[in-house]
Each structure stands twice: as C-alpha cells, then as structure tokens.
Amino acid sequence: MQFTQIIGSAALLSFALLLQSSAKPAPPAQRASRAPGQSAQPANNAAQSGKVRAAGIWYGVESAPKKHAGALRIAAYNVENLFDPMDDPMQSGEYDDIDEVTKPVRLKALAKAIHELDADVLCMEEVESKAALEWFRDTYLSDMGYEFVASEDVGYYRGVEQSVLSRVPIEKVTIWSAERIDDMLAAQTPELATQLKGNWAMPEKGAKPTTHFQRSPLMVDLKTKDGYAFTVISVHYKAGAFDHQRELEALQTEAFVKARLDADPKINLVVLGDFNGTPNDMNVKVLRTSALGLRSGYDFRAQKEAPKELYTTHASNRSIDFMIMTPGMAEDVVDGSYFVLGTLHAASDWDYKKAAEIPPPDGYASDHYPLAIEILPTNEGEHHVLPTTPSQEATPATRQEAPSKSTNTTSEPSADGAPPKPIGDAASASDVALADALKTAGWHYEMPQPKSKTAKWGNFNKGTTWFPGYWLNATTNKTSATQPVASDNFKGDGLPKPAWVKGGSPSEPSWVEFLCTGS
C-alpha cells in the first residue's frame, strides 16, 4: 500500500512540473558578458538543447591582453577571402575576382579585429594579392604602422595567397610554388607513424597524384633595428578531405625548417597559419611532435586548464590554426602570452553555404579567429644568421628514410619569369638548320602566355589557364597551331591562334621553337 502511494505521488509531481514548464517558455540563448581570458560557453550546448544560439563571441577572448613591455607580438589570421574592389583582368569566368569583392561591412570588422590584436608581425591567409593587401592597409589600417609588406602569388588557381604586414623590416621573402612534394612519400614510414601515434592517410580515391603544394608556404625573414633576426613561415594547407596531401605538405614544410636549423641551430623561426587539421591529425603532429624539438604556441597559453573553447580557432568548433616554433624562438617566448582573439560568430541557424543570399550579421569578420604570441628579443638574436646562398636552403631533408633533395628558393625557373630554356646544353645542327629555314620562310614562334593570375612557368597547378604557343608568319600574316614542315614548303596548317586552355604550366619549348622566338 505504501509503495502504491509513493508511485502515485511521483506521478502527480511529474505532471505538475510538466504544466509549469509548458506555461513558461525558456528565454532565447544570449551571449553572456565575459572578461578577457574567460572561456566561452561550449558551442554544442545550444545544439544539444535544440535552441538557436545567438550571434556572439563563442570562442577565444573578447579583448586582447595588454602587450608586455619590449615584446614583439606575432599573429596569424585567416581573413577568409580578402578581395579588393578592383577587377583583375587576368582572372575571368569561374574565377573572376570581381564577384568576390569583400563587402565594406566585413572589411571594417576585419580591421577592428586587427586593431584589437595589435600584432607587430601579422601573417595572413586568403589575401587576393599584394595590391589588395596594400589597399586594405592604406584604407583601414593606416594608423597601425605596417610599413613593410610581403605577399606573393603562391600558385593557387583562385588567386588567394599568404601575406605579411609588419612593423619590423623584412629582409627576404621565399616561396616554393614549383617545389615537388611527392618525394615526401618516402618519409611516411610505419616507424614514424608509430612515433606520431597515428596512421598515414591513403591518397584520395580518384584524385590525381599529389605533386605540389596547393598553396606554397610563404617564408619571410625579418630583423629588428636592434639586430634581432627571426623568420615566419606562413602556411595554408589544402582544405577538405585531402589528409594525404596535407601530410605531404607538412612533411615538406618540416624539411624546410630542418634546412634552416642545419644552417643555424639557434634560429628563431615559427611556422604558423591555417593547417586545416586538428591537433590529432597527422599533418599537425608532423610539426608539433617533430624530432626537431619544435614547440607549439599552445604550450605557452595563460590558462592551462581552461576549456577548449578559449583556444578554438575556427567557427566549426575546431582548432585548425597553429604556431609551431624552433627551440631558439621558444626560449624567447613570453610564457602565458599565447591567446586566440574571439570575433563575432553568426547565430547557429545561419547557413554559410547560403551567404550570398543571406549574409552573415554585421560585425562578422571571418570564419577563423586570430591567434597570437609574444617574444622578447634577446641579444642572442644578433648571432642568428639568415641564409646567404642557395646551398644553405638545399640541405637534404632526412626525416626517417626520406631521400635527399634540394629545396628551391625561388618560385620561377628564371629570375624574370621568362620561359625555361629547352632541355639539353645546346641545339643540334639539324635544329639550327630547321629554325633558319622557318625564319627564312617568315615564321616566328609565339611562346605560350599565362592567362590566369596564378599561371606562371613552373606552376603545375592544373587549374591555371594559358594561351598555347603558335606560329605566326610575318610575311603572310598567317598562323599555324603546329610547327610548319618542309614537306609542304612551310605552309603551316592555317589554324588560328589557339584559345586559352586549362592545364598548368606548359613544358619547356623545343630548341626549334626557342630559336624561332628571336630570343
């Protein structure tokens, strides 16, 4: 009898609570005010409750901590496609940049975040060009003191690249657009996978073999007026379901770092930017747990026990942006200075895939959040040397069983971007005779010309577009898509100048073509 009474009482209580909850709806999710350094509310709380989470600062700190006296603040920020309003005539069709102009409201939000960040050296990803960056600086950041700029075309078909804004003088800029990374396959040994406590990804099914960086790293050597030298390598590894390519890109980056360490074991160097991988992904582990003794900026965070939201770098509730530095630079880091600066996150019901129809709220800057760290320059920095010859950059990469290789220190086959010379030391006598006969008949060879912004000799990205080479007769004004031959008295095929094609850098010209260019 007593048991029955208990059950009945419990049922009545449950019914009363149900009535109470239905009569008083829950208030909408709101952003709570947080002091700098206080962690954000876990992002999945609203999703788990089925409610829409309001726009606000979901991740990182709301305001940057005060900079330490005498310190240099180094930061990385993926600014999510920063395009200026000028139309680039070298881009058209699917990749016409005029359709990607960043709206003023977002440019102002980016500028606000950069002002708050107050970095002395700011490494940026997804910038259209150096011209676009300088326009953005002059228009929105003219009071920031960013006198020095580096931004290089890194071979990506959409045109975006890594860039640096700096208050510290820039000594040298290096990119590797033509660098092959497929020889890093030999570094993906079972032994290294065991050391990294993971497994190497298989090549993507149906994808073309990985041979080059999706976007070459940008290496910038800097030196303060007091002689403190340091280097930043800004990276933006391939996004999406391409773990295999990201692993090769990271292994090649580690080889670049090793080459610099071999030249100067005390070098101050940091690899930073958008890794497009999380801490447990192999492309991140390659550098974070490298045998080179590299240190992660995350190790120098102020709140060691803070929830992960305080150091989350992407709107998807992931940390995919990192700073990984050499032991020499780690010695100069101000402990506790690493932080992620929060910016406005759109409400949880906003669909980024429909951003063209429904833009993000005013105040939204980027889907990434900037991360920063401080270093205190020491006198030892005066002894850190910059590479002065290509041989210093050509140190073999010896990660496990990786083969020796030389790393290119330029992105082009020639200093002026001219086409490469034909294979071989010199033209044969028959090549010279044929070229003379073609020129006597009035024929001149027009070299292939790049069409898209990123099309350059040595850039093998298949998304770049080119005008193919062809033959032009100065006497008859006729054209030929193929090389005229003696058997038809050098009449040529009569085909018009070819239309542009997609497919990456053409191969080097033949000796006959080269001799008929007038070069």
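In terms of modelled amide H atoms, which long-range or inter-chain residues lie less than 5 Å from the amide H of LYS172?
Long-range HN contacts for LYS172: ASP221.
Compute the length gained on full extension between LYS491 and ALA241: take 0.36 nm times their separation in residues and subtract their Cα-Cα distance, giving the result in nm to one decimal.
84.9 nm
What net charge is computed for the residues neighbouring GLU152, neighbours being all others with C-beta under 9 Å from the C-beta of GLU152, Lys and Arg scored +1, Asp and Glu -1? If you can, show how the numbers build up before the last one.
Working: positive: LYS130; negative: ASP153, GLU161.
Surrounding charge for GLU152 is -1.
Label THR278 and LYS266 with points 7 Å out from Cα along Cα→Cβ: what is the distance between them in nm?
Roughly 4.1 nm, to one decimal.
Grab the beta carbon distance between GLN449 and GLU134, set R0 = 35 Å, and tell me the FRET efficiency rounded to 0.05.
Efficiency for this residue pair is about 0.85.
Given labels modelled 7 Å from the Cα in the Cβ direction, how far is it in nm from ALA306 to THR189?
Label at ALA306, label at THR189, 3.9 nm between them.
Beta carbons within 10 angstrom, averaged per residue: use that to sort the peptides 72-82, 438-448, highest first.
Answer by packing, highest mean first, reads 72-82, 438-448.
How about segment 330-379: which GluC sites (Glu not before Pro) there are in a DSSP loop, with at most 15 other Cβ atoms within 10 Å of their Cβ?
GLU331, GLU357
Counting only other residues whose beta carbon sits under 13 Å from that of THR313, what net charge do I get with K and R as +1, D and E as -1?
Residues near THR313 contribute -3 overall.
In what order do LYS205, LYS285, LYS172 fall by count of nearby beta-carbon atoms within 10 Å, going from fewest to most?
On the way: LYS205 6, LYS285 20, LYS172 15.
Final ranking by Cβ density, sparse to dense: LYS205, LYS172, LYS285.
Can you give the local net charge around PRO509? Use residues other than it whose beta-carbon is closer than 13 angstrom to its beta-carbon, Lys and Arg +1, Asp and Glu -1.
-3
Can you give the Kirkwood hydrodynamic radius for segment 186-235, in Å, rounded to one decimal and based on Cα pairs?
14.7
For segment 56-375, with equal point scatterers placed on the C-alpha atoms only and solvent neglected, what are the log10 I(q)/I(0) values from the Debye formula at q = 0.06, 0.11, 0.14 1/Å, to two decimals?
With no solvent term, the Cα-only Debye profile gives -0.19, -0.67, -1.13.
If neighbour count is taken as other Cβ atoms inside 10 Å, put SER428, SER177 in order from fewest to most.
Sorted ascending by nearby Cβ count, the order is SER428, SER177.
Where does segment 429-516 land on the Kirkwood hydrodynamic radius, alpha-carbon pairs, in angstrom?
13.6
Evaluate E = 1/(1 + (r/R0)^6) for VAL101 and LYS502, where r is the Cβ-Cβ distance and R0 equals 35 Å; express this FRET efficiency to the nearest 0.05.
0.90
No value in this document is a laboratory result; all are computed from the given coordinates. Given the structure is predicted, the values throughout are model-derived calculations rather than measurements. Cβ: placed from backbone, ideal geometry, glycine included. Neighbour counts: every protein chain shown.
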